[in-house]
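The structure appears below as structure tokens.
The values are calculated or read from the model by the stated rules, or taken from the named source; none is laboratory data. These numbers come from a predicted model, not from an experiment. Note that each Cβ is placed from the backbone with ideal geometry, even for glycine, and that neighbours are counted across all protein chains shown.
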Amino acid sequence: MLLRKPRRALSVKISDTRWFSHLTDLEAGQNADCTAQFVVSGAQTRAQLTQSAVLLTPLETRRCWPLPARLPISIPFSEILCVATSQSVPAWRRCRGLWGTSTVTHGLTICTFRRPHPQRSHWVPHSVELESEDEDQVRKWAADINEAVGVCNGRPRTLLAFLNPYGGSGRAPAVWDGDASPILTKAGVRCTVIVTQRPLHAYETVRDLPLQELQSYDGILAVGGDGMFQEVLNGVMAVRSCGEADRAAAAAKLRLGHIPGGSTDAVAYSLNGTRSAATAALHVALGDRIPLDVMRVDTGDGTHRFSVCYATYGYMGDLLRTSETLRWWLGEQRYPLAGAFTLLRGRSYCASVSYLPAMHGTSKAMECKSQCQLCARATGLPATDHSRDSSAPSAGEPAWTVVEGEFKSIMAIVTPCRSDMSAGGLARTVHLSDGRLKLVLVKRCSVLQYLRLLARIPMLGIDAEHDLPFITVLDVVAVAVKPIGAESSWNVDGELMPSNHLSARVHRAAVEVFSRGVE
């Protein structure tokens with residue numbers, strides 16, 4: 001027989017329930033019609049349906065050493081993908097010495113997720129098994145929970161997914177088949193998958209979608225790297241400014257999602273706080289939604305594009321231009337070599353920088369998290385005109401500020417730009433939908449000074465309080481840069497721009513994405 005520790009009173013510690021949400025439903029009164037007993041992991045457990053969750057309370061306070069004591073857990077309906085029923089002979093009977101029993105039990109599987117401590121943003125798919133010998137009871141509970149889950153608003157039913165098999169390390173197909181697709185299928189989401197064959201394939205496909213097809217989808221997923229998400233974003237924005245009111249309205253209702261499968265995956269990391277494809281798929285399946293700022297970038301040759309990460313000139317532009325010459329030789333390993341070479345050259349560039357300051361500043365210590373109050377104010381804002389050139393002034397805007405000088409780097413950052421190299425983000429105090437850009441001006445400095453700045457970014461971000469006199473960080477809503485003399489290159493979300501005369505403007509809450517922010 002298994003050794004047992006002495007019986008002791010059940011103690012409830014919220015910190016011990018880290019795999020599930022905190023026990024917000026413990027104070028709910030019991031309802032005799034919504035309460036039943038099940039066996040969970042071999043322990044008799046009382047299950048209760050509250051208004052917002054399934055509450056499981058163990059009735060057995062004894063435990064088998066060295067297993068931890070079982071504590072009450074609450075599984076919100078909003079975090080349940082689905083429930084399923086099954087029949088089996090439970091394995092826990094063997095642990096209790098019931099070798100001769102052949103009783104068939106009926107199982108109720110609740111498919112949800114857990115939050116490993118301390119990485120609460122990194123969700124892991126998880127199932128809770130409830131067992132009973134009463135088949136009618138199991139079927140009734142399955143129906144009741146499915147009905148409660150079905151009431152949750154905003155869950156998608158049909159999605160269009162673009163899969164890039166070539167970007168990054170080419171792992172997007174494996175990520176989709178192994179992580180994302182099973183979760184979406186389990187949640188009852190139907191996906192139309194298009195495997196891209198060439199650059200701009202996703203952009204052109206979205207741009208040309210007919211009205212009926214646009215109206216049939218609840219959202220569009222980009223499976224791959226940041227470039228794939230940018231293609232989908234630009235395709236949607238192209239439809240919204242096409243001049244066809246019906247198509248534009250249908251495109252404006254689409255939510256976008258990023259299933260990470262690239263080299264850096266800054267979009268998914270900034271939205272969810274992790275590069276986990278399973279986490280991103282769970283956000284999609286559960287119908288999470290938040291607004292997201294979009295930056296329109298216009299160049300001197302008349303072209304424009306939309307971005308949700310950054311536009312940078314100088315060091316990062318030179319680095320990308322150098323790395324592109326090494327792409328076919330070194331693959332992903334080209335970036336460290338290109339970065340070292342660019343740093344040692346130590347080039348600076350003269351430019352005229354015009355910017356429109358943000359009307360109200362934000363706390364420099366305030367980072368964007370789930371349920372951010374600053375971003376919540378963006379919900380329901382009227383749509384802005386995305387078709388106008390970024391440098392065109394709006395009615396009632398204050399005068400632009402002009403600065404001329406020699407700069408090592410110029411950056412316009414619209415979202416935190418988190419990555420494996422900087423989990424807190426390139427710009428930690430940038431919000432997902434606060435309607436402002438972080439303009440970073442790095443004046444001419446020595447190689448060692450700039451190296452000192454680069455070394456601080458992973459831990460503090462580029463917008464942290466610092467004692468480096470050659471850096472200026474500003475909150476702006478628009479910026480325009482005109483090179484003077486020798487020119488660098490503009491790097492916009494990892495793509496080189498065709499012209500170095502560039503202007504950018506942020507559009508607050510321009511799109512909605514499948515996310516709830518970093519927990």
If you take the residues of the stretch 21-49 that are in contact with a helix residue (DSSP H, G or I) (Cβ under 7 Å, 6 or more places away or on another chain) and at pLDDT below 50, which of them is surrounded by the fewest Cβ atoms within 10 Å (Cβ to Cβ)? His22
Looking at (1) surrounded by fewer than 24 Cβ atoms within 10 Å (Cβ to Cβ); (2) under 27 Å from Asp318 (Cα atoms), which one does Glu397 not meet, given that it meets all the others? (2)
Residues of the stretch 276-287 satisfying the condition of being assigned to a loop (DSSP other than H, G, I, E, B) and in contact with a Gly (Cβ under 8 Å, 6 or more places away or on another chain): Gly287
Hey, among Ala358, Ala383, Ala392, Ala338, which residue is at pLDDT below 85, within 26 Å of the chain's Cα centre (by Cα) and among the small types (Gly, Ala, Ser)? Ala383
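Residue-by-condition table, conditions (1) hydrophobic (A, V, I, L, M, F, W, C); (2) closer than 29 Å to Cys111 by Cβ:
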position: Gly154; (1), (2): no, yes
position: Phe162; (1), (2): yes, yes
position: Gly167; (1), (2): no, no
position: Ala174; (1), (2): yes, yes
position: Ile183; (1), (2): yes, yes
position: Ile194; (1), (2): yes, yes
position: Ala202; (1), (2): yes, no
position: Val206; (1), (2): yes, no
position: Glu213; (1), (2): no, no
Restricting attention to the stretch 278-289, does a residue exist that is within 22 Å of Ala412 (Cα to Cα) and not assigned by TED's automatic domain parsing to the domain that holds Arg452? no
Of the residues that sit in the stretch 265-295 and are surrounded by fewer than 23 Cβ atoms within 10 Å (Cβ to Cβ) and of a type in the set (Ser, Thr, Tyr), which one is farthest from the chain's Cα centre (by Cα)? Ser276
State whether the residues of the stretch 499-513 include one that is surrounded by fewer than 18 Cβ atoms within 10 Å (Cβ to Cβ) and either part of a loop (DSSP other than H, G, I, E, B) or at pLDDT 90 or above (or both). yes
Of the conditions (1) surrounded by fewer than 19 Cβ atoms within 10 Å (Cβ to Cβ); (2) within 18 Å of Val308 (Cβ to Cβ); (3) out of contact with any Lys or Arg (no Cβ under 7 Å at 6 or more places or on another chain); (4) not basic (Lys, Arg), the single one that Ala252 does not satisfy is (3)
Asp298 vs (1) outside the structural domain of Val206 (by TED's automatic domain parsing); (2) without any contact (Cβ under 8 Å) to a residue 60 or more places away in the chain: all pass except (2)
If we keep just the residues of the stretch 471-495 that are part of a loop (DSSP other than H, G, I, E, B) and farther than 21 Å from Cys417 by Cβ, which is farthest from the chain's Cα centre (by Cα)? Gly485
Would you mind telling me which numbered condition in (1) at pLDDT 95 or above; (2) under 25 Å from Ala268 (Cβ atoms); (3) surrounded by fewer than 16 Cβ atoms within 10 Å (Cβ to Cβ) Glu404 fails? (2)
If you scan the stretch 450-464, which residues turn out to be surrounded by 18 or more Cβ atoms within 10 Å (Cβ to Cβ) and more than 17 Å from Cys368 (Cα to Cα)? Tyr450, Leu453, Ile457
